[in-house]
Amino acid sequence: MRRPRFDQGLWRCSGREASPLLQSIEGLRPLVLLLSPLELSQCLVARCHLDRIVAGWSEDPMEARQRIADLDALLELIASYQEEGISSGASVSLSRLIF
């Protein structure tokens, strides 16, 4: 049986079965080395409409608001990481944030 060929680097970012969400994320790739972790995270939330996505995970308006608040709290944690790193003279990067 022959397996379909696809570019591992662009999985579901192009072609007939492309995911709009993954396409949006892929569009941010050139900015990874230019933006701070907080700026990149804010771009990700805005460009991918993550607030709408997480709110849509629940039909309960209170739960939807809590999910959006959780997303805001995540951005606040990223801001704290960045501020602490800068004030202590540590290197601040997306990869350090993730690990």
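When you check SER93 against the structure, is it surrounded by 15 or more Cβ atoms within 10 Å (Cβ to Cβ) and either without any contact (Cβ under 8 Å) to a residue 24 or more places away in the chain or out of contact with any His (no Cβ under 8 Å at 6 or more places or on another chain) (or both), yes or no?
Values: surrounded by 15 or more Cβ atoms within 10 Å (Cβ to Cβ): yes; either without any contact (Cβ under 8 Å) to a residue 24 or more places away in the chain or out of contact with any His (no Cβ under 8 Å at 6 or more places or on another chain) (or both): yes.
So SER93 fits the description; yes.
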Exercise. Across the range 16-31, what is the number of residues that are under 11 Å from the mean Cα position of the chain (by Cα) and either closer than 22 Å to GLU84 by Cα or in a loop (DSSP other than H, G, I, E, B) (or both)?
Worked result: 1
Seminar exercise, completed: When every residue in the range 76-90 that is hydrophobic (A, V, I, L, M, F, W, C) and loosely packed, with under 15 Cβ neighbours inside 10 Å is compared, the one nearest to SER41 (Cα to Cα) is LEU77
Exercise. Within the set of pairs 6 or more residues apart or between chains, which connect a residue that is surrounded by 13 or more Cβ atoms within 10 Å (Cβ to Cβ) and part of a helix (DSSP H, G or I) inside the range 54-74 to a residue that is at pLDDT below 95 and of a type in the set (Ser, Thr, Tyr) with Cβ atoms less than 9 Å apart?
Worked result: ALA64/SER58; GLN66/SER58; ARG67/SER58
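The values are calculated or read from the model by the stated rules, or taken from the named source; none is laboratory data. As the structure is a computational prediction, the values presented were derived from the model and not from experiment. Here Cβ is always computed from backbone atoms with ideal geometry, including for glycine, and neighbour counts include all displayed protein chains.
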